[in-house]
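Participant: Before I ask anything, here is the structure I am working with.
The values are calculated or read from the model by the stated rules, or taken from the named source; none is laboratory data. This structure is a prediction, so every number in the text was calculated from the model and none was measured. Ideal geometry is used to build each Cβ from the backbone, glycine not excepted, and the neighbour counts take in all protein chains shown.
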Amino acid sequence: MRQLVQLQKQADDFKTLHTEMIFVFREEKSGVDGLKKIKDRTKTGFTLALDRDKKSTKVYSTKRMTFDNFVIDRKGNVQAVIDGTLRDRATADELLKVLRKIEG
């Protein structure tokens, strides 16, 4: 949740780059109710999604408890993967750097 709060602080920068931020949770045991609580606590305007069966995310993340961030372009191609761990996830600056490079 710390990452969501930090990224939300720079939401305008992401918006300027025409970026849609989607966070997919695979281990949220409380399901949709859990996502609602996360959204309320973090006050994020980003999209939160749930994939507990790992049907969609298995293409990107094959391991359990993976916290990598994927930058996917408009055509659905992965442009960058920023490695993450439970405690150390991609920062806004890291993501914005990749997005600016893509925008060229």
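Participant: I'd like the full set of residues that are under 15 Å from residue 14 (Cβ atoms), at pLDDT below 90 and of a type in the set (Asp, Glu), limited to the stretch 60-104.
Facilitator: Residues satisfying the conditions are 73, 103.
Participant: Which condition number in (1) more than 11 Å from the chain's Cα centre (by Cα); (2) surrounded by 11 or more Cβ atoms within 10 Å (Cβ to Cβ) is the one that residue 103 fails?
Facilitator: (2)
Participant: Here's a follow-up. Let me spell it out: the conditions are (1) more than 23 Å from residue 85 (Cβ to Cβ); (2) exposed (fewer than 12 other Cβ atoms within 10 Å of the Cβ), and residue 59 meets all of them except one. Which number is the exception?
Facilitator: (1)
Participant: Being over 11 Å from the mean Cα position of the chain (by Cα) and either closer than 17 Å to residue 92 by Cα or at pLDDT 95 or above (or both) is the filter here; which residues of the stretch 9-35 pass it?
Facilitator: Selection gives 9, 10, 11, 12, 13, 14, 15, 16, 17, 18, 19.
Participant: Turning to a different aspect of this structure: Every residue in the stretch 19-36 that is surrounded by 17 or more Cβ atoms within 10 Å (Cβ to Cβ) and in contact with a Ser or Thr (Cβ under 9 Å, 6 or more places away or on another chain), please.
Facilitator: Matches in the stretch 19-36: 21, 23, 26.
Participant: Show me the strands (runs of 3 or more DSSP E) found entirely inside the chain where at least 3 residues are touching a His at 6+ places or on another chain (Cβ under 8 Å) and in contact (Cβ under 8 Å) with a residue 40 or more places away in the chain.
Facilitator: Filter on the chain gives an empty set.
Participant: Filter the stretch 34-75 for residues that are in contact with a helix residue (DSSP H, G or I) (Cβ under 9 Å, 6 or more places away or on another chain) and aliphatic (A, V, I, L, M) and give the result.
Facilitator: 38, 48, 49, 50, 71, listed by residue number.
Participant: Filter the stretch 73-104 down to the residues that are of a type in the set (A, V, I, L, M, F, W, C) and within 23 Å of residue 2 (Cβ to Cβ) and list them by number.
Facilitator: 80, 81, 82, 86, 90, 92, 95, 96, 98, 99
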